[in-house]
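Trainee: I am attaching a structure below and will ask some questions about it afterwards.
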Amino acid sequence: MLYSDKHLELGVIIMKKVIVLSALIVTFSLLFFTHTEAINNSLVIKTLPNGGNLYAEDQTSVLEKLPANSILFILEEQSFWSKVQVNESIGFVKNAAMSSALSSLMKISSSSHPIIRQTNDKNAKHLATTHNGAYVRVYLQTQNGFSLIQTDQAIGYVYSSTLVKPVSINMTVAHKNGAAIRNVPDMNYSIQNTLSNNSAVTAYPAVDGWFYVESKGIYGYALANKLKKDTKQNTNSGVKRIALTFDDGPHPTVTRQILKTLAKYDAKATFFVTGRRVELSPTVLKEIYAAGHEIGNHTFNHPKLTNISLKSAKEQITSTNALISKTIGQEATVFRPPYGAYNKNIQALTDLPFVLWTVDTLDWQHHDPNKTLQAVKKQTKNGSIILMHDIHQSTANGLDSVLHYLSNEGYEFVTVSELQAK
Ligand code: NI
């Protein structure tokens, strides 16, 4: 009994030692693994504007000639040289030959969590995932539909189709100590930079209480209460401005033709979409949003809201908001009731501003590009909101002459929210 008890005790001690030892081995291998992972997970990207050599460790023998504008992942920065990764190769490049890579801001628009891959190959190793609504820096787009992006966690490739161009607001830093800039919208993260008081910034709405801002090459998240809307930049006095609005879409061919014409005149417009059409053509909605136009809610299936119950009216608005948000990663910013029919009770169903129109082209009735142009000529003045529909081919066909006329008259084309910003 005594013997076996002691034996048992010894066994337990040995077991405990084995557990501690295995835990140590696991910890060590994890440490080692994390370390090797980090090498492939550079968070700095540079370019080689004029091309150059990739050198071996001896920093003398040339491994590879790199073409101009090669993208380099910086693995380790030394005083004159950096250890870099270019495609699959690792080597050394002179710091003097490199410059910082230019990037633009894009937003993730995907209901799933897009995977960030190590290379532009669908079978490439997964580095991390990102999420709907996340702002990412984009360095390049590849021929095969990938974009090289940077998040606070990784640099790698996502499908370009998951990215949209976010809509910006002109703002100004309005705090005597300036605005602290962080990589993550969280007070617990360290401050990367500070933008001084009165700096003009391009701002993008982020999570509650935060904006993603860009100013003079500095970018990151700033607290909303350190910023104010820049009214000077938003209301150019002396310039005539109007808002073009397109209702009842998106339509797969008509809307796309309208987008092309708008781009030709560098015109921004507002699209009041129905949920039913968004369900049918989500890609077209993404294209509208990506081109920088404003998205408005125009109910799910276009009922006269004053003829249905308040409960159904609310459902019409919220289901469409949810669809828009799922598709572009951002909610509608304005609402337009079908037929302009609403009352106080309907208005109380949503926080969105109700936007009607001041110029009715009646394009849906006459289907005549010439009559649309005549209506615009007769009624448009500074501050007008013009109503058209992006479901009629005749409207798309007549848009060029409308924009030609209005731009010759000196009008600037802005979204309804820009027009109404004070
Ligand atoms: Ni309508």
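Throughout, read-outs are computed from the coordinates displayed, never taken from laboratory work. As the structure is a computational prediction, the values presented were derived from the model and not from experiment. Neighbour counts run over all protein chains shown; Cβ positions are idealised from the backbone, glycine included.
Trainee: If the chain between Leu310 and His126 were fully stretched, how many nm would it gain, using 0.36 nm times the residue separation less the Cα-Cα distance?
Mentor: Working: separation 184, 0.36 × 184 = 66.24 nm, distance 4.75 nm.
In short, 61.5 nm is gained.
Trainee: Continuing with this model, one more query. Report the far tail of the P(r) of segment 366-408, meaning the percent of Cα-Cα pairs longer than 17 Å. Each step should come with its number before you reach the end.
Mentor: Numbers: 214 of 903 pairs.
Cα-Cα pairs of segment 366-408 separated by over 17 Å account for 24 percent.
Trainee: Also, I was wondering about something else. For Asn193 and Asn170, compute 0.36 nm times the residue count separating them, minus their Cα-Cα distance, and round to one decimal in nm.
Mentor: Working: separation 23, 0.36 × 23 = 8.28 nm, distance 1.96 nm.
Value of the extension gain: 6.3 nm.
Trainee: So what's the Cα pair-distance distribution over segment 278-412, bin width 10 Å, in %?
Mentor: 11, 36, 36, 17, 1
Trainee: Something else: Given 20 °C and 1.002 mPa s, compute D for the chain with the Stokes-Einstein relation, Rh being the Kirkwood radius over Cα pairs; round to the nearest whole µm²/s.
Mentor: Details: Rh = 25.2 Å.
Reported coefficient: 85 µm²/s.
Trainee: May I pose another question? Show which aspartates and glutamates lie in cross-link reach of Lys122 when reach means a straight Cα distance below 18 angstrom and same-chain residues fewer than eight apart are skipped.
Mentor: Glu88
Trainee: Counting only C-alpha contacts under 8 Å and six or more residues apart, can you give the relative contact order of segment 225-372 as a whole percent? Working shown, then result.
Mentor: Working: 192 pairs, mean separation 27.4, N = 148.
It rounds to 19 percent for segment 225-372.
Trainee: Rounded to the nearest 500, what is the chain's calculated 222 nm mean residue ellipticity when only DSSP H runs of at least 4 contribute -39500 (n - 2.57) each, over all residues? Show your work: numbers first, answer last.
Mentor: Numbers: 11 runs with 128 residues, N = 422.
Here the helix-only value at 222 nm equals -9500 deg cm²/dmol.
Trainee: How large are Rg and Dmax for segment 37-182 when calculated on the C-alpha trace, in angstrom?
Mentor: Spelled out, the Cα radius of gyration and Dmax of segment 37-182 are 17.0, 54 Å.
Trainee: Between Phe354 and Ser161, what FRET efficiency comes out of the Förster formula 1/(1 + (r/R0)^6) with R0 = 25 Å and r the beta carbon distance, rounded to 0.05? Could you put the intermediate results ahead of the total?
Mentor: Values: r = 33 Å, r/R0 = 1.33.
Taking R0 as 25 Å, the efficiency between Ser161 and Phe354 is 0.15.
Trainee: Additional query: I want to verify a result. In a Gaussian network model of the chain, Cα cutoff 10 Å, which of these has the top mean-square fluctuation: Lys304, Lys176, Lys107?
Mentor: Lys176
Trainee: Taking Lys377 as the anchor, which aspartates and glutamates have their alpha carbon closer than 17 Å to its alpha carbon, excluding any fewer than eight residues away along the same chain?
Mentor: Answer for Lys377, where 17 Å is the Cα cut-off: Asp360, Asp363, Asp368, Asp400, Glu409, Glu412, listed by chain and number.
Trainee: Would you mind checking the pairs Lys229/Lys344; Lys216/Lys268; Lys260/Lys286; Lys304/Lys344; Lys228/Lys381 and listing those with alpha carbons more than 20 angstrom apart? Mind dumping the intermediate values first?
Mentor: Numbers: Lys229/Lys344 29 Å; Lys216/Lys268 25 Å; Lys260/Lys286 14 Å; Lys304/Lys344 15 Å; Lys228/Lys381 29 Å.
Table pairs above 20 Å Cα-Cα are Lys229/Lys344; Lys216/Lys268; Lys228/Lys381.
Trainee: Residues with beta-carbon under 14 Å from that of Val164, excluding Val164: net charge, scoring Lys, Arg +1 and Asp, Glu -1? Could you put the intermediate results ahead of the total?
Mentor: On the way: positive: Lys107, Lys165, Lys286, Lys326; negative: Glu287, Glu294, Glu331.
Local charge sum for Val164: +1.
Trainee: Using a simple spin-label model with points 7 Å from Cα along the Cα→Cβ vector, what separation in nm is obtained for Leu362 and Glu88?
Mentor: 6.8
Trainee: Additional query: Show me, bin by bin at 5 Å from 0, the whole-percent P(r) of segment 297-350 based on Cα pairs.
Mentor: Calculated over all Cα pairs of segment 297-350, the distribution is 4, 22, 35, 23, 11, 5, 0 percent.
Trainee: To continue, here is another question. If you restrict to DSSP beta bridges whose two residues both lie in the chain, what percentage is antiparallel, to the nearest 5?
Mentor: Values: 62 of 83 bridges.
Bridges in the chain that DSSP calls antiparallel: roughly 75 percent.
Trainee: Quick one: if you stick a label point 7 Å off each Cα along the C-beta vector at Gln59 and Arg276, how many nm between them?
Mentor: Roughly 7.0 nm, to one decimal.
Trainee: Relative contact order of segment 48-159: what whole-number percent is it, with Cα pairs under 8 angstrom and at least 6 residues apart?
Mentor: Numbers: 230 pairs, mean separation 20.0, N = 112.
Relative CO of segment 48-159 lands at 18 percent.
Trainee: For segment 139-199, what does the equivalent ellipsoid look like in terms of its semi-axes, each the square root of 5 times an eigenvalue of the Cα gyration tensor, given largest first in whole Å? Present the calculation step by step, with values, prior to reporting the outcome.
Mentor: Details: eigenvalues 187, 48, 15 Å².
For segment 139-199, the ellipsoid semi-axes come out as 31, 15, 9 Å.
Trainee: Still on this structure, I have one more. Which cross-chain or sequence-distant (5 or more) residues have an amide H under 5 Å from the amide H of Trp81, H modelled 1.01 Å from N in plane?
Mentor: Asn95
Trainee: Give me the distance between the Cα centres of segment 112-155 and segment 357-384, rounded to whole Å.
Mentor: Going from one Cα centre to the other spans 44 Å.
Trainee: In Å and whole numbers, how far do the C-alpha atoms of segment 87-136 stretch along each principal axis, longest first?
Mentor: Cα extents, longest axis first: 42, 26, 13 Å.
Trainee: Could you work out the mean projected area of the convex hull around the alpha carbons of segment 175-268, in square nanometres to one decimal? Show your work: numbers first, answer last.
Mentor: Values: hull surface 35.9 nm².
The number I arrive at for segment 175-268 is 9.0 nm².
Trainee: So if the hydrodynamic radius of segment 55-110 is defined as the Kirkwood radius over C-alpha pairs, what does Stokes-Einstein give as its diffusion coefficient at 10 °C and 1.306 mPa s, in µm² per second? Don't jump to the answer; show the numbers that get you there.
Mentor: Details: Rh = 12.6 Å.
Approximately 126 µm²/s, per Stokes-Einstein.
Trainee: Any chance you could list the semi-axes, whole Å, largest first, of the equivalent ellipsoid that the Cα gyration tensor gives for segment 132-291, using √(5λ)?
Mentor: Those come to 31, 23, 14 Å.
Trainee: Based on the Cα coordinates of segment 226-314, what is the per residue volume of their convex hull in Å³? Provide the component values of the computation, followed by the final result.
Mentor: Working: hull volume 14.4 nm³, N = 89.
Taking only Cα atoms, segment 226-314 has a hull volume of 162 Å³ per residue.
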